[in-house]
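As structure tokens, the structure follows; a few thoughts come after it.
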Amino acid sequence: MAVLTIKDLHVSVEGKEILKGVNLEVKGGEIHAIMGPNGTGKSTLSSAIMGHPKYEVTKGSITLDGQDVLEMEVDERARAGLFLAMQYPSEISGVTNADFLRAAINARLGEGNEISLMKFIRKLDEKMEFLEMNSDMAHRYLNEGFSGGEKKRNEILQLMMLEPKIAILDEIDSGLDIDALKIVSKGVNEMRSSDFGCLIITHYQRLLNYITPDYVHVMMQGRIVKSGGPELAQRLEAEGYDWIKKELGIEEETVEQEA
Ligand SMILES: Nc1ncnc2c1ncn2[C@@H]1O[C@H](COP(=O)(O)OP(=O)(O)OP(=O)(O)O)[C@@H](O)[C@H]1O
Ligand SMILES: [Mg+2]
């Protein structure tokens, strides 16, 4: 069973500390949601896990099944079974969606274990049908000219094709229409198994009506300040974040600087 363990993680961007001691454990079979105000470090956490070079880990550890993730190159992290659906997926001109997926799957499987073209096409057709995607999306350049919602749906296609151990979905619900939200959620739910752990970053409780999380965490000022079950997301939706700030005695960052 996969276990992603994050301990006392501190991350700086261009010399500024953004994450200030994050502790989190995501196991196979579990779905965790992270919510929190804008700019509190949620995407920074995902970038640091995936090894984006701009995000410097200054303290703490990340392990996957006991292996040191911080020692791994970016491609090794993907091969080890980590997956990130980015908040803003990049457009890659000149590489078709299908070619990208096949290369990514083969990188994951390793030399000598590549997926056959027949098997790949069958799997791709099956997953695209499941996600109600138009088949010509496979032959377009990756994300180029995709609408916001198409990009998000395509991230879930990647998820279903790559079958990672641990996936981080950064605002997978942003920009989705109601039907697309249901389809994307259906994709994530289809992945649910004891071999798959998932970290969902979202601003809205609505997504969690479709994908029921086991745990909900609140991130503020670079730390996870509160954890609970789905009821925590409901309270945030209803009341916002002020009550947590009051409860924890957290001041607005700007106020802190003036003091
Ligand atoms: N590459 C970068 N260069 C400069 N600053 C950055 C960079 N990445 C993140 N930051 C800063 O770090 C802070 C946290 O950003 P991050 O994207 O992690 O927030 P977030 O919690 O994901 O917010 P949102 O809910 O708006 O997506 C912000 O103040 C942001 O400006
Ligand atoms: Mg973000």
Failed criterion for I18 (all others in (1) within 16 Å of ligand 2 (Cβ to nearest atom); (2) closer than 28 Å to G149 by Cβ; (3) out of contact with any Lys or Arg (no Cβ under 6 Å at 6 or more places or on another chain) hold): (2)
Filtered residue count, the range 170-183, keeping only those that are within 16 Å of ligand 1 (Cβ to nearest atom) and either of a type in the set (F, W, Y) or not in a loop (DSSP other than H, G, I, E, B) (or both): 1
Residue ID - least open to solvent (accessible area, probe 1.4 Å), chosen from residues in the range 96-120 that are assigned to a loop (DSSP other than H, G, I, E, B) and not β-branched (V, I, T): G110
Pairs, first closer than 22 Å to P164 by Cβ in the range 18-31, second open to solvent by 30 Å² or more (accessible area, probe 1.4 Å) and part of a loop (DSSP other than H, G, I, E, B), C-beta under 6 Å, six or more apart: G28/M1; G28/S194; G28/D195; G29/S194; E30/D214; I31/D214
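Going by what's in this entry, would E30 be described as at positive phi and open to solvent by 10 Å² or more (accessible area, probe 1.4 Å)? So that I can check it myself, show each step before the final result.
Details: at positive phi: no; open to solvent by 10 Å² or more (accessible area, probe 1.4 Å): yes.
In short, no.
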Complete set of residues in the range 54-80 that are in a helix (DSSP H, G or I), among the hydrophobic types (A, V, I, L, M, F, W, C) and open to solvent by 40 Å² or more (accessible area, probe 1.4 Å): L70, V74, A78
Residue that is farthest from ligand 2 (Cβ to nearest atom), among those in the range 141-180 that are over 16 Å from the mean Cα position of the chain (by Cα) and of a type in the set (D, E, K, R): D179
Among residues of the range 36-63, those that are touching a Ser or Thr at 6+ places or on another chain (Cβ under 6 Å) and within 16 Å of ligand 2 (Cβ to nearest atom), counted: 1
Qualifying residue in the range 121-134 (condition: at pLDDT below 95 and either assigned to a helix (DSSP H, G or I) or on the phi < 0 side of the Ramachandran plot (or both)): yes
Of all residues making up the range 33-51, the number that are more than 6 Å from ligand 1 (Cβ to nearest atom) and either open to solvent by 10 Å² or more (accessible area, probe 1.4 Å) or without any contact (Cβ under 8 Å) to a residue 60 or more places away in the chain (or both): 5
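Here is a yes/no grid of residues against (1) without any contact (Cβ under 8 Å) to a residue 12 or more places away in the chain; (2) under 24 Å from K123 (Cβ atoms); (3) assigned to a helix (DSSP H, G or I); (4) open to solvent by 10 Å² or more (accessible area, probe 1.4 Å):
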position	(1), (2), (3), (4)
G149	no, yes, yes, yes
N154	no, yes, yes, no
I168	no, yes, no, no
S185	no, yes, yes, no
L199	no, no, no, no
L207	no, no, yes, no
V216	no, no, no, no
R235	yes, no, yes, yes
Residue pairs meeting the criteria (Cβ under 7 Å; at least 6 apart or on separate chains; first of a type in the set (S, T, N, Q), in the range 83-97; second within 12 Å of ligand 2 (Cβ to nearest atom) and open to solvent by less than 50 Å² (accessible area, probe 1.4 Å)): Q87/S43; Q87/D170; Q87/E171
Residues of the range 22-53 that turn out to be of a type in the set (D, E, K, R) and in a helix (DSSP H, G or I), as a count: 1
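Quick one: which residue in S12, S93 is assigned to a strand (DSSP E or B) and surrounded by 14 or more Cβ atoms within 10 Å (Cβ to Cβ)?
Details: S93 fails: surrounded by 14 or more Cβ atoms within 10 Å (Cβ to Cβ).
From the options S12, S93, the qualifying one is S12.
The values are calculated or read from the model by the stated rules, or taken from the named source; none is laboratory data. These numbers were taken from a predicted model, which means no experiment stands behind them. Methodologically, a virtual Cβ is constructed for each residue, glycine included, from the backbone with ideal geometry; neighbour enumeration extends over all protein chains shown. To get the accessible areas, we keep the full protein, side chains included, count just its heavy atoms, and leave off ligands, DNA and RNA. Shrake-Rupley method; radii C 1.70, N 1.55, O 1.52, S 1.80 Å.
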